[in-house]
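Trainee: Below is one structure. I have some questions about it.
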Amino acid sequence: MRHASSMQMGRRVRTGVVLYILALGVLTLGVLALNPPPATAQPAAQVSYPADQVRADLDMLYQRLKADAFNLYAFTPEAEMDRLHRTLRAGITGPLTRAHAETRFQRLAAAAHQGHARVEGVYGAWAAYQKAGGRAFPFTVRIQDGHLHIAANLSDVPQLPPGGEILAIDGVPAARWLARTRSHVSAETAALADSILEYDFPMYLWVEGGARPRFKVSVKTATGGVLDADVAARTATEIAAAAGRQPPRLDLEHPLRDARVLANGVGYLRPGPFYNEAAKTGADEWDVTAFRTFITNAFEMFAAKDVHRLIIDLRGNPGGDSLFSDVMVSWIADRPYRFFSSFKIRVSADAVAANQDRILHDAVAAGPISRRFADLYATAKPGEVVDFTLPETQPNLDGRFQGTVYALIDRHTYSNAVAVAATLQDYGFGKILGEATTDMATAYGAMERFTLPATGIAVGFPKAHIVRPNGDIRALGVTPDIAIPAPLIETPDDAMLQRAAAIAATGPVPH
């Protein structure tokens, strides 16, 4: 089953048009958080829409989300959503550009606190702004326990230390900036929003505060002192140049897929995303041939080298499709399995239309799953909740890996990669190491889209409620069996993997 929206989030990370994917209380942030960025923050030539058209599309967005989402009010009371809708609507007093409308619409979608209810247009506006030479906040960030830290200093003030805590930006406390930027992110929890902001904080700071030539920052150092600095905002070219001068950082993308034996004899497998990242066409994107060859070669190599303990590294994995992940899990599973215990769909006109459009115009993307949806919709009415079933995946009995398996996860393990970790844990196929995922193991997902008529803005909605294999309906990530905290600044020596390898080396080996 494809987890396309989170997969697309992951791809944005890799291509530099970075992130997918709300703290309590952000619905009452006040005027600044509700206003779009000033005109100077947007590309020069954009179509504007009359206020009445934008209001009509905002109303339609809300009504269709109510009808389409499995449970729009699962995490946010209807009264709060209604109030925000009225506030956003009242603020539309003149024509808005597409980017401004998308920002406003996303505020409403994000307020549902569901990762798959969202408007994603901000990424295009941000890319255009950067391409035009727009300047941005010159730091990458690490958010730990709600505190904002410098991950990499890409500014013109070199004495600001990596790892230092940013206390304030332009006189506004960092906690306030985090709350304001979270309000634009579709996420079930503040932790999930923060994991996404680690990729996208400069973009959302631009959305909230507009374009600025400089930033005043207050940074707490490791010794407890505070450094106040006035730093210049920087262009994408300047930021890239500064990044090239940084000390090496942990890189889990080069190579994207990796299979080897560690020094202590523990096998190491990093499957990479569960889709074809090198795809040139839509058909190539879901062609599992090369991935199957990689996985087969990996397990044959482990067998040849008599590997009995294996680490599967799912850190930083954006997810993808179970068509890919099942290729890997079937080498580990000792019995048939499913990645869910319950998969319920709320039928709606928009879900039916999106599925039919996919079947008619993109047969590769549709595949057998969309045809199963179509068969289900043929006997159901809009508004009904129906069970969706899939056959169990069979284990690879001929060449199954019979050693001990460990999966290494972190806060950036998303979507289908979370489902893989939950499956390994719930079926007892392996032990989970690392830090808890911020993305949910039980979630509202299987995202579809509709397009608003006046602005042409696309809106995503979750049509399904998918419960992890053990039946736990709580909106939680996967909690590791053995916790391994991620360092504040992750370096090439990879402390998490070193610790995981030490645990694996002393683990039991099945007889």
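Every read-out reported here was derived from the displayed coordinates using simple, explicitly stated rules and does not represent laboratory data. As the structure is a computational prediction, the values presented were derived from the model and not from experiment. Heads up, the Cβs are rebuilt from the backbone with ideal geometry, glycines too, and the neighbour counts pull from every protein chain shown.
Trainee: Give the cross-link partners of K66 among the lysines, using a straight C-alpha distance below 20 Å as the criterion and excluding same-chain residues fewer than 8 apart.
Mentor: Cα-Cα hits under 20 Å: K344, K381, K463.
Trainee: Additional query: Grab the beta carbon distance between K216 and E384, set R0 = 60 Å, and tell me the FRET efficiency rounded to 0.05.
Mentor: Once the sixth-power term is evaluated, E becomes 0.60.
Trainee: Between segment 336-397 and segment 257-296, how far is it from one alpha carbon centroid to the other, in angstrom?
Mentor: The distance from the Cα centre of segment 336-397 to that of segment 257-296 comes to 26 Å.
Trainee: Could you give me the ³J(HN,Hα) list for segment 360-377, computed from phi with Karplus coefficients 6.51, -1.76, 1.60 and θ = phi - 60°, whole Hz, x at Gly and Pro?
Mentor: After applying 6.51 cos²θ - 1.76 cosθ + 1.60, I find 6, 10, 8, 4, 5, 5, 5, x, x, 5, 4, 6, 5, 4, 4, 4, 5, 5 Hz.
Trainee: Also, quick follow-up: From the backbone phi of segment 401-411, what are the Karplus-calculated ³J(HN,Hα) couplings (6.51 cos²θ - 1.76 cosθ + 1.60, θ = phi - 60°) in whole Hz, Gly and Pro given as x?
Mentor: Karplus-based 3J(HN,Hα) across segment 401-411 equals 6, 10, x, 8, 10, 10, 10, 9, 10, 8, 5 Hz.
Trainee: Let me ask another. For D313, enumerate residues with amide H under 5 Å from its amide H, sequence gap 5+ or separate chain, H modeled in the peptide plane.
Mentor: Under 5 Å from the amide H of D313: L269, R270, L408.
Trainee: Another question about this same structure. Compare the peptides 396-405, 127-136 by average per-residue count of other Cβ atoms within 10 angstrom and give them in order, highest first.
Mentor: 127-136, 396-405
Trainee: Is any residue of segment 200-234 close enough, with backbone N under 17 Å, to a label point placed 7 angstrom from the Cα of R245 along the Cα-Cβ axis, and if so, which?
Mentor: Taking a point 7 Å out along Cα→Cβ of R245, the residues of segment 200-234 whose backbone N falls under 17 Å are 230-234.
Trainee: Given the chain, what percent of its DSSP beta bridges are antiparallel, to the nearest 5?
Mentor: 75 percent
Trainee: Which lysines have a Cα lying under 30 Å from the Cα of K305, excluding residues fewer than 8 positions away in the same chain?
Mentor: The reachable lysines, counting only those whose Cα sits under 30 Å from K305, are K431.
Trainee: With a 10 Å radius around each residue's Cβ, average the other Cβ atoms per peptide and rank 385-392, 303-310, highest first.
Mentor: Most protected by this proxy first, the peptides run 303-310, 385-392.
Trainee: Counting only the backbone N, which residues of segment 309-342 are under 18 Å from the spot 7 Å out from the Cα of R292 toward its beta-carbon?
Mentor: Backbone N within reach: 321-333.
Trainee: Could you calculate the contour length gain from A303 to A483, that is, 0.36 nm times the residue separation minus the distance between their Cα atoms, to one decimal place in nm?
Mentor: This chain segment gains 62.0 nm when fully extended.
Trainee: Below 27 Å, Cα to Cα, which lysines can K131 reach? Residues fewer than 8 away in the same chain don't count.
Mentor: Correct list for K131: K216, K280.
Trainee: Karplus couplings for segment 301-309 from phi (6.51 cos²θ - 1.76 cosθ + 1.60, θ = phi - 60°), rounded to Hz, Gly and Pro as x?
Mentor: Running phi through 6.51 cos²θ - 1.76 cosθ + 1.60 with θ = phi - 60° gives 5, 4, 5, 5, 9, 6, 7, 10, 10 Hz.
Trainee: I've got another one for you. Mind listing the long-range amide H neighbours of A168? Cut-off is under 5 Å, sequence gap 5 or more, other chains count too, H placed in the peptide plane at 1.01 Å from N.
Mentor: A174, S218
Trainee: Which of the following values of Cα extents along the principal axes in Å was calculated from the structure shown: [x] 178, 57, 36; [y] 84, 75, 37; [z] 70, 64, 39?
Mentor: Given [x] 178, 57, 36; [y] 84, 75, 37; [z] 70, 64, 39, the calculated one carries the label [z].
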